[in-house]
1. Partner chain Cβ atoms within 10 Å, averaged over the residues of B:268-279 - can you pull that number for me?
2. Considering Cα pairs under 8 angstrom that are at least six residues apart, work out the relative contact order of chain B and quote it in whole percent.
3. Averaged across orientations, what area in nm² does the convex hull of the alpha carbons in region B:140-246 project?
4. Once you have the alpha carbon radius of gyration of chain B, what is it after dividing by 2.2 N^0.38 Å, with N set to its residue count?
5. How large is the charge dipole for chain A, taken about the Cα centre, if only the Cβ atoms of Lys, Arg (+1) and Asp, Glu (-1) carry charge, to the nearest 20 debye?
6. What share of the DSSP beta bridges in chain B is antiparallel, in percent to the nearest 5?
7. How large are Rg and Dmax for region B:1-66 when only the alpha carbon atoms are used, in Å?
8. When the Kirkwood hydrodynamic radius is evaluated over all pairs of different C-alpha atoms of the protein assembly as shown, what value in angstrom, to one decimal, is obtained?
Amino acid sequence: MNDEIKSNAEELVNYIMKKCLWQFHSRTWDRKRQNEHILDMTARMIYGEEIKPTTPEEKCYWADAMCLMEAFNNHFGWLQKMDRAKKEAVMTALKDRIDFLTVTGSLNLELTDTHY
Amino acid sequence: MPYHLFKCSECIPEREKHAVIKGKGEDISMALPLGYLNTIPGTISERGCAYCGAKHVIGTPMKDVIHLSHGPVGCTYDTWQTKRYISDNDNFQLKYTFASDMKEKHIVFGAEQLLKKNILDAFAAFPNIKRMTIYQTCASALIGDDINALADEIMEENPDVDIFVCNSPGFGGPSQSGGHHKINIAWINQKVGTVDPKIDADYVINYVGEYNIQGDQEVMMDYFKRMGIYVLSTFTGNGSYDDLRAMHKAHLNVLECARSAEYICNELRVRYGIPRMDIDGFGFEPLSASLRKISLFFGIEERALAIIDTETARWKPELDWYKARLMHKKVCLWPGGSKLWHWANAIHEEMGVDVVSVYTKFGHQGDMEKGISRCEEGALAIDDPNELEGLEAMETLQPDIIFTGKRPGEVAKKIRVPYLNAHAYHNGPWKGFEGWVRFARDIYNGIYSPIHQLSLLDISKDEIPTDQGFVTNRMLSDANLSEEVRNDPNLHPYTGNYDNVSHLRNKKYPEFPRAEKDTSVA
């Protein structure tokens, strides 16, 4: 990953960590699920895809993803100007970094508790 | 991100892992305070007990219920009327508090018959109240009184009453947070699904982790009603016992205080398939995003946008008046659990203050992950601080004000640091757009209070100026402002009413036509 992509992704990471709550659900499996669905939907909308959620669960992910996609477009003008390949690189780096901060690299000892 | 050992705690070296300083370019994967652990012997914690967390934080805000503690009267009396979770039924749950008043003889001979008499007496004294919660305490837990069996017996004898038993004695967890957990799980196990409500609405939510502090819940209800959203239950501020038995019928759980109530949302998701949406009711931007998210879920976005536009236009000029005067004031954000992350970024961005420290009395590491992520570099994050650490932090950081509970708050006042009550508020509600301005006003009044300025003078050693008159807070706050800001015609201080909640109780709301049946949501 080049420095530009890394730096761009870090700006988005910082936004999520300051403004969002969905990435901090209680347990490892919840955080993985949240990150996967919300960031996947956000990325697809940034690439220009339309998403039509059908189940309540999908609608919940989609609502967070919609807000995030719009915030990214409003606050980080450089994102819209990128071509598809670069956008994908940034969004992949973003997902990896959020997974690291909230799951694989998290020091939170409660994440693996088997009960809520 | 280095761990931080206070000088006063050098004799308790385990404390080092409970505090970190957020350094430049550092993140939560590098260091995270330990949390939700038993308080280390030798450190005088500011925490509450697991009984307090179950009863006084979560149980008692339910409004149409006799809340009875099975234990010594002190367990209940010590916190009677110190909470500010009001309700729209004349504050029944605040005005009346019940205890079985166990004494030494009951420890020896048992207290089940005493409890039964108390239960029947309480129902007889308030014949219109048919719901009761009973809270185990340390004393009744240790002697093994079977409260559940007794409750079942009384419900069988009196079919019109319903009783919930919460077995969360004071020693049942490291802090009040243990009690939050126990009552969440007890409620879903015992009561959710025992009432099937008739719902005549398209958009149905449970509003979870909201305690109606000085009217917070009623302010948020106003927004939900204006959006045509039906709030089936509120867990638990201003909430009804029977509504909360029907939580399984909502379409969405909207979660405010994840620290105290994420457990029931997680269980509702697993058991009933109801999604959990975390929101922020504090701050213009976070609240706007939250209303928008909820509206997107239901496909009624334009209703949320109308509210956001109206409320922002009405209140933003007032918020900005305070922001200009609070810029770079140093704040120690020292609440109990969730407010460190609800507020850390929003007060910095929307009120201009600098958060130099965050702490949590009973939070878990998840709260610290959120709080540290949301505060700025250089902030000192502390888990379960003791009084001496608090004093050392204030002496080091020299905050202009701290937001905390009334016990550490009074300590702060003694060293001439003003404080605002982060749990119960000063002149709340602080939720909602107007509420956020009320919070800013309280911060402003705390920092610029002329009385506070006078308190900084020590008559035993300082020279007392006799050649100047009394000053106002405006004279203090505006002294260093530019002419342009001071006289900005677009900005002005708070113009709302003393009571901004009561009028909502009689407000008429628009009726929205029912939507086409959407089977994917219901």
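Quick note: the coordinates plus some simple rules give every number you see, no bench work behind them. Keep in mind the model is a prediction, meaning the values are calculated, not measured. FYI the Cβ positions are ideal-geometry reconstructions off the backbone, even for glycines, and counts take in every protein chain you see.
1. On the way: counts 0, 6, 1, 0, 0, 3, 3, 8, 7, 7, 8, 1.
Partner-chain Cβ atoms within 10 Å, mean over residues of B:268-279: 4.
2. On the way: 1007 pairs, mean separation 84.8, N = 522.
Relative contact order of chain B: 16 percent.
3. Numbers: hull surface 33.8 nm².
Over all viewing directions, region B:140-246 projects a mean Cα-hull area of 8.5 nm².
4. Numbers: Rg = 24.1 Å, N = 522, 2.2 N^0.38 = 23.7 Å.
Rounded to two decimals, the normalised Rg is 1.01.
5. Working: 16 positive and 19 negative charges, 22 e Å.
Roughly 100 debye for chain A.
6. Working: 6 of 45 bridges.
Taking every DSSP beta bridge within chain B, about 15 percent pair in antiparallel fashion.
7. 17.1, 52
8. Details: mean 1/r = 0.0386 Å⁻¹.
About 25.9 Å for the protein assembly as shown.
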